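Notes follow once the structure below has been shown.
The values are calculated or read from the model by the stated rules, or taken from the named source; none is laboratory data. Values in this document were obtained by computation on a predicted structure and should not be read as measured data. With ideal geometry, Cβ positions are generated from the backbone for all residues, glycine too; neighbour counts draw on all protein chains shown.
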Number of protein chains: 2
Amino acid sequence: MTAAADRTFSISELAQEFDVTTRAIRFYESEGLLTPERQGQRRIYSRRDRVRLMLTLRGKRIGLSLLEIRELFELYDAASNDEPQLTKFVDILSRREQQLTQQMQDIQLVLREIGQLKAQCENWMEKRSGGLPE
Amino acid sequence: MTAAADRTFSISELAQEFDVTTRAIRFYESEGLLTPERQGQRRIYSRRDRVRLMLTLRGKRIGLSLLEIRELFELYDAASNDEPQLTKFVDILSRREQQLTQQMQDIQLVLREIGQLKAQCENWMEKRSGGLPE
DNA sequence: AGCATAGATTACGTTAACGTAAACTGGAAC
DNA sequence: GTTCCAGTTTACGTTAACGTAATCTATGCT
């Protein structure tokens, strides 16, 4: 049994590590995404909270709203329950899968366009710099 | 010369085709993304406007703000100008490329997780349905 | 002429996700 | 003791991207 398994974190530690403001972290709590303990009035974050913060930020990066992220947390927590819950869970996952796949295709399109545009630009610039040798 | 090359569109035609409200289309105009002609007071959209609307919506899907989309339009229009403009253009493209690549990786991660979760759920549900044969 | 319909203009409302400021607390360091 | 410092609460402000009326206009149809 290693002794550091229950490491905890202060709010500013997490803020630094993930490059968000403490305000944002408290806001996520107010939205039900984090549930830190208290030591007096100070918030004290567990490993679990840290993971949830990570997942929250990743969720945001892929365009989920805080509400959706929270729903996923709740469904995930309750997922070992009854079958209707499970079915709903799978439904949501499928829909999101659908959207994300679409999103990836869009991104790939745009990336290709960007590549072409960049090549074109660099082409032009080369020609210009080579075209007037004093 | 075919005669229909200069087809134009009404606002509600575009609204229908792309499944957005007319309000949104007028809003995009007010933000400088579209520049329809006028026939009296009615807006009359060209092929070019239609393409820009398409690009606007695609930009939104991949998480660009209307302002960013407008900047890209402007840069694209001015791209055949001088070299500093071109350099700036390539810069912006590179940054966006960077972000989009990151975003794609995030999405791929989540898609993998979703796949696993779905498999797990279906696994559970199978076991249950098979476990109680009356 | 009268009416319906599509479109225009103006303006206020809304939601999400925090930012920002003010005022307070509790322990640590000097 | 007092001065920092990190943290807390409360509350109002902000931005983006439209939604939602309300009111007005132009036009084609009957």
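Remarks
- Flag for B:Leu75 being within 16 Å of B:Ser94 (Cα to Cα), more than 14 Å from DNA strand D (Cβ to nearest atom), surrounded by 16 or more Cβ atoms within 10 Å (Cβ to Cβ) and within 14 Å of chain A (Cβ to nearest Cβ): yes
- Residues of the stretch B:26-39 that turn out to be closer than 20 Å to B:Arg7 by Cβ and near DNA strand C (Cβ under 8 Å from one of its atoms), as a count: 2
- Looking across the stretch B:25-51, just one residue is crowded, with 17+ Cβ neighbours inside 10 Å and either closer than 15 Å to A:Val110 by Cβ or near DNA strand D (Cβ under 8 Å from one of its atoms) (or both), and that is B:Tyr28.
- All told, A:Ser65 meets the bar of being surrounded by fewer than 16 Cβ atoms within 10 Å (Cβ to Cβ) and at pLDDT below 95.
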